[in-house]
Amino acid sequence: MLFIIGGIALVLAPILLVLRAGQKKKLYQMQSVETSTVAQLQEVREAMPGSFIQRAEVKGRTECDSPLSSEFTGSPCVAYSISLVREYEETRWETDSEGKREQKTHRGSETLSSNERRAAFRLRDSSGVIKVVPDGAELVMEQSLSRFEKSFPNDRFSLGSFAFNIGQSALAAGRQTLGYRYEERIIPLGRDIYVLGEAADSSGELVMRRSSTKAEKYIISVKSEEELTAGAAKSIQGFMVGAIVCAILGVTLMIAGLFIG
């Protein structure tokens, strides 16, 4: 058993290093791109019409003539995501290292329904307006709703424009429902946001969009650049510590497993 646990820890170590590398890349890209005003991007675009493409970050407020309405709260927004999750307990037989079998109870969850929508919008700063096409972006949204209920009347969940018949969603044998968690996240209309992506002259219009180079991050965030960079730096440190701990623990447990076994 110790040998197996040690092997799992050793497998986790490189995974954490890969996650750390992803955060380092994200942090570098945010720090290496200077913030531009819409007017500055327009000036460069006018100097090279029809061929303007530039890595850029902009900060401003969301505007949209036809905003979305989030499904749970009906909030006007340019993007939202919702989820309905069932939380449960599951009792199952397990065998320990000495071959003894005993029943243990574990908590788990399963997503019954989820949805995400995003719409093209405008970002306005003090100098002008630029269109933002959110397709392919990493969205950092704010939570507009998070609740937990033990049950719903007639096994039917209904809120806002959303409805779901829970009675039709089968629960696996041995599992007991603890309750249901439903959450909604949005990028509200009129919200100050941060956008890192590619500015381009698309069909005669200046837009922020996803880069054709997959390695380049495209981020639309309600969090500020400072909050995002601080979070990435913290994750980089945490993943490194986790990888070292897993590597040491893995080697130690595998050696111990060989001697004990």
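The values are calculated or read from the model by the stated rules, or taken from the named source; none is laboratory data. Bear in mind the structure is a predicted one, so any value in this text is a computation, not a measurement. Backbone-built Cβ (ideal geometry, glycine too); neighbour counts: all protein chains shown. Surface accessibility is based on the protein's heavy atoms, side chains included, excluding ligands, DNA and RNA. Shrake-Rupley method; radii C 1.70, N 1.55, O 1.52, S 1.80 Å.
Provide the gained length on full extension for the span A21 to E63, in nm with one decimal, where the gain is 0.36 nm per separating residue minus the Cα-Cα distance.
Numbers: separation 42, 0.36 × 42 = 15.12 nm, distance 3.46 nm.
Taking 0.36 nm per residue and subtracting the Cα distance, the gain is 11.7 nm.
Can you tell me the length gained on complete extension of the stretch L171 to T111, counting 0.36 nm per residue apart and subtracting the Cα distance? Don't skip to the answer; put the middle values down first.
Details: separation 60, 0.36 × 60 = 21.60 nm, distance 1.17 nm.
Value of the extension gain: 20.4 nm.
Rank by packing, highest mean first: peptides 191-201, 220-230, with packing defined as the count of other Cβ atoms within 10 Å averaged across residues.
Numbers: 191-201: 21.1, 220-230: 16.4.
So the order, starting with the most tightly packed, is 191-201, 220-230.
Residues with beta-carbon under 11 Å from that of D135, excluding D135: net charge, scoring Lys, Arg +1 and Asp, Glu -1? Mind showing how you got there, number by number?
Values: positive: R118, R209, R210; negative: none.
For residues surrounding D135, the net value is +3.
Accessible area per residue for the chain in Å², computed with a 1.4 Å probe and the full protein assembly in place, what is it? Working shown, then result.
Numbers: 14740 Å² over 261 residues.
Roughly 56 Å² per residue, with all protein chains present.
Step through the table entries K26/K214; K24/K234; K24/K131, compare each Cα-Cα distance with 20 Å, and write down the pairs that go over it. Spell out each step's value before the answer.
Values: K26/K214 12 Å; K24/K234 10 Å; K24/K131 29 Å.
Exceeds cut-off: K24/K131.
Which GluC sites (Glu not before Pro) does the stretch 63-136 hold that lie in a coil by DSSP with at most 16 other beta carbons within 10 Å?
On the way: sites: E63, E71, E87, E89, E90, E94, E98, E102, E110, E116; in loops: E71, E98.
Hits after loop and neighbour filter: E98.
Estimate the FRET efficiency between K214 and E149 by the formula 1/(1 + (r/R0)^6), using the beta-carbon distance for r and 51 Å for R0, to the nearest 0.05.
Details: r = 41 Å, r/R0 = 0.79.
Working from the Cβ atoms, E equals 0.80.
Quick one: with all protein chains in place, what share of the accessible area of the chain is carbon or sulfur, to the nearest percent (1.4 Å probe)? Walk me through the intermediate numbers first.
Details: 7590 of 14740 Å².
For the chain, the apolar C and S fraction of the accessible surface comes to 51 percent.
Hey, quick one: spin label on E227, modelled 7 Å out along Cα-Cβ, who in the stretch 135-175 has an amide N within reach, i.e. under 14 Å?
Backbone N within reach: 139-144.
From the backbone phi of the stretch 200-209, what are the Karplus-calculated ³J(HN,Hα) couplings (6.51 cos²θ - 1.76 cosθ + 1.60, θ = phi - 60°) in whole Hz, Gly and Pro given as x?
8, 8, 9, 6, x, 10, 7, 9, 9, 8
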